[in-house]
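What follows is a structure written as structure tokens; I'll ask about it next.
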Amino acid sequence: MNEKKSAAPRVAIVGGGYGGVAVAIELNRLGLKHAATLFDARPVHQKLTQWHKLARGRMAERYEVPFTDLSRRFHFDFKREHIDIETLLKSGAESLGSPFDFVVIAQGSQSPSPPNGVIDLDSLRDKIAVQNAFRIVRHKNIFVVGGGPTGVQFAFEFAERQNRVTLIEARDRLLPSFDNALSEIALREAASSQIDVRLGSEFLAFQEGVLRLREGAIVREERADMVLFVPGVRSTPSFVCDVHGRIEGIAHKNFYAVGDNSYFSGPGLNSKSGQAAVRKGQHVARAIRAAVEGKEIPPYTYAEIGYFVSLGSKEAVGYLLSQKTTFSGRAALAMKEVVEQQYNLFLRGFNVYL
Ligand SMILES: Cc1cc2nc3c(=O)[nH]c(=O)nc-3n(C[C@H](O)[C@H](O)[C@H](O)COP(=O)(O)OP(=O)(O)OC[C@H]3O[C@@H](n4cnc5c(N)ncnc54)[C@H](O)[C@@H]3O)c2cc1C
């Protein structure tokens with residue numbers, strides 16, 4: 001690690017999702033042009049919050065932006081490279097091949113190891129054959145494993161395209177990380193969309209078109225044409241950080257983390273969400289500039305504005321400001337679309353997150 005501070009710091013960003021890209025955009029906005037080098041194993045930035053729309057028949061490209069476009073627009077270097085995070089932590093910034101003053105780790109979440117035969121989010125992100133299968137699937141018997149936002153959004157999209165959909169959730173409600181009011185609305189809408197929701201149901205295996213589930217003391221077998229396995233994601237490694245995103249408990253001084261793989265101290269939002277990732281990314285860029293200039297900035301305190309989950313192309317459910325302020329129907333869908341459009345403007349260079 002180069003300890004000498006200069007007016008133009010060299011910043012390595014590992015991972016170009018919502019968090020990593022926000023760091024690069026904010027550094028540019030702060031006048032630190034060409035300060036950042038962004039490393040990503042993929043050639044494109046993926047707007048994952050819209051990924052369920054692939055099951056609506058949409059092409060993945062619609063929700064992807066080539067890193068080469070972003071690097072031109074926001075004046076950073078892009079290197080398509082998978083970075084071994086363990087080596088980076090062990091050997092420091094030198095292992096990235098150039099001297100960097102700051103390193104920001106933003107590798108996001110990964111799907112859990114998928115059981116045989118199922119489709120997980122990582123394969124949908126990377127395999128064109130899987131993306132194509134999602135776009136055209138109709139009149140099939142589809143099981144979605146996981147009743148969080150990802151599973152719920154995919155289930156409604158599949159149901160809208162005349163598939164028979166069963167949604168499996170091990171807990172006793174849908175959207176278990178939110179207030180129960182959201183679960184009740186989602187359950188009601190699922191019933192009217194003919195989605196068979198099985199609460200308290202545990203996926204066991206899928207082999208030769210037969211799915212095994214445990215429901216209470218009973219093990220059931222059912223036929224399925226496709227199983228989407230989205231029971232949640234994990235971030236390994238993930239990092240505990242100070243109020244500015246600087247990683248604690250490691251030997252390297254100027255290592256930061258943002259996005260799903262980070263937990264900032266203090267009252268700011270730490271959810272695994274695009275919203276938190278962007279705000280943490282912006283904060284870390286400001287913290288880096290402040291460190292270079294020897295200044296202090298206020299800690300990260302971003303409070304959640306709301307969260308919306310779409311229930312197909314015509315409905316959504318969610319909340320604004322507090323989980324007790326629940327919205328549903330077209331109003332909620334409109335709010336969700338506003339959030340997505342805001343992010344699109346951000347990627348085009350508008351300063352929409354103040
Ligand atoms: C279907 C779906 C719907 C969602 N809806 C919402 C929503 O409505 N609202 C919301 O706020 N959030 C939503 N989320 C969650 C949101 O997408 C994530 O919280 C967000 O993507 C996290 O951003 P990130 O930058 O941490 O990681 P990611 O966006 O996952 O980006 C990580 C990047 O790092 C790269 N990478 C990983 N490992 C390496 C490595 N070793 N070397 C180099 N590159 C690497 C990856 O290629 C990727 O580009 C949704 C997620 C899904 C799947």
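Condition first: touching a Phe, Trp or Tyr at 6+ places or on another chain (Cβ under 9 Å) and surrounded by fewer than 24 Cβ atoms within 10 Å (Cβ to Cβ). Now tell me which residues in segment 27-38 satisfy that. Give the steps one after another, and end with the answer.
Residues of segment 27-38 touching a Phe, Trp or Tyr at 6+ places or on another chain (Cβ under 9 Å): 27-29, 33-38.
Scanning segment 27-38 gives N28, R29, K33, H34, T37.
Somewhere in segment 89-109, is a residue without any contact (Cβ under 8 Å) to a residue 24 or more places away in the chain, buried (at least 16 other Cβ atoms within 10 Å of the Cβ) and β-branched (V, I, T)?
The answer is no; no qualifying residue exists.
OK, next. Can you tell me which residue in segment 63-88 is surrounded by the fewest Cβ atoms within 10 Å (Cβ to Cβ), limited to those that are among the basic types (K, R) and in a helix (DSSP H, G or I)?
Across segment 63-88, the extreme among qualifying residues is R72.
Between F154, F78, which is modelled with pLDDT of 95 or more, within 13 Å of the ligand (Cβ to nearest atom), among the aromatic types (F, W, Y) and under 17 Å from the mean Cα position of the chain (by Cα)?
So the residue among F154, F78 that is modelled with pLDDT of 95 or more, within 13 Å of the ligand (Cβ to nearest atom), among the aromatic types (F, W, Y) and under 17 Å from the mean Cα position of the chain (by Cα) is F154.
Is it the case that segment 39-56 has a residue that's more than 9 Å from the ligand (Cβ to nearest atom), of a type in the set (S, T, N, Q) and either surrounded by fewer than 13 Cβ atoms within 10 Å (Cβ to Cβ) or part of a strand (DSSP E or B) (or both)?
No, the conditions are met nowhere in segment 39-56.
Please note which strands (runs of 3 or more DSSP E) are completely contained in segment 288-354 and include at least 3 residues that are surrounded by fewer than 17 Cβ atoms within 10 Å (Cβ to Cβ), within 15 Å of the ligand (Cβ to nearest atom) and assigned by TED's automatic domain parsing to the domain that holds L30.
none
Scan segment 98-122 for residues that are of a type in the set (A, V, I, L, M, F, W, C) and either within 15 Å of the chain's Cα centre (by Cα) or over 13 Å from A257 (Cβ atoms) (or both) and jot them down. Break it down into steps so the answer makes sense when it comes.
Keep residues of segment 98-122 that are of a type in the set (A, V, I, L, M, F, W, C), which gives 100, 102-106, 118-119, 121.
Selection gives F100, I105, A106, V118, I119, L121.
When you go through (1) touching a Phe, Trp or Tyr at 6+ places or on another chain (Cβ under 8 Å); (2) near the ligand (Cβ under 8 Å from one of its atoms) one by one for N254, which number turns out not to apply?
Failing condition for N254: (2).
Which residues, counting only those in segment 247-270, are touching a helix residue (DSSP H, G or I) at 6+ places or on another chain (Cβ under 7 Å) and surrounded by 22 or more Cβ atoms within 10 Å (Cβ to Cβ)?
Y256, V258, G259, D260, S262, F264 - these are the residues of segment 247-270 that are touching a helix residue (DSSP H, G or I) at 6+ places or on another chain (Cβ under 7 Å) and surrounded by 22 or more Cβ atoms within 10 Å (Cβ to Cβ).
Please name all residue pairs, on different chains or six or more residues apart, with Cβ atoms under 9 Å, provided the first residue is in segment 229-252 and is touching a residue at least 24 places away in the same chain (Cβ under 8 Å) and at positive phi and the second residue is part of a loop (DSSP other than H, G, I, E, B) and aromatic (F, W, Y).
Pairs found: G245/Y300.
Here is a further query. Looking only at segment 52-97, which residues are over 25 Å from N132 (Cα atoms) and among the hydrophobic types (A, V, I, L, M, F, W, C)?
Matches in segment 52-97: L70, F74, F76, F78, I83, I85, L88, L89, A93, L96.
Answer yes or no as to whether L121 is closer than 27 Å to S273 by Cβ, within 15 Å of the ligand (Cβ to nearest atom) and touching a Ser or Thr at 6+ places or on another chain (Cβ under 9 Å).
yes
So, one more: What residue, of G16, G20, is crowded, with 22+ Cβ neighbours inside 10 Å, assigned to a loop (DSSP other than H, G, I, E, B) and in contact (Cβ under 8 Å) with a residue 24 or more places away in the chain?
That would be G16, the only listed residue that is crowded, with 22+ Cβ neighbours inside 10 Å, assigned to a loop (DSSP other than H, G, I, E, B) and in contact (Cβ under 8 Å) with a residue 24 or more places away in the chain.
The values are calculated or read from the model by the stated rules, or taken from the named source; none is laboratory data. Keep in mind that this is a model prediction, so the values were computed, not measured. Note: ideal-geometry Cβ built from the backbone for every residue, glycine included; neighbour counts use all protein chains shown.
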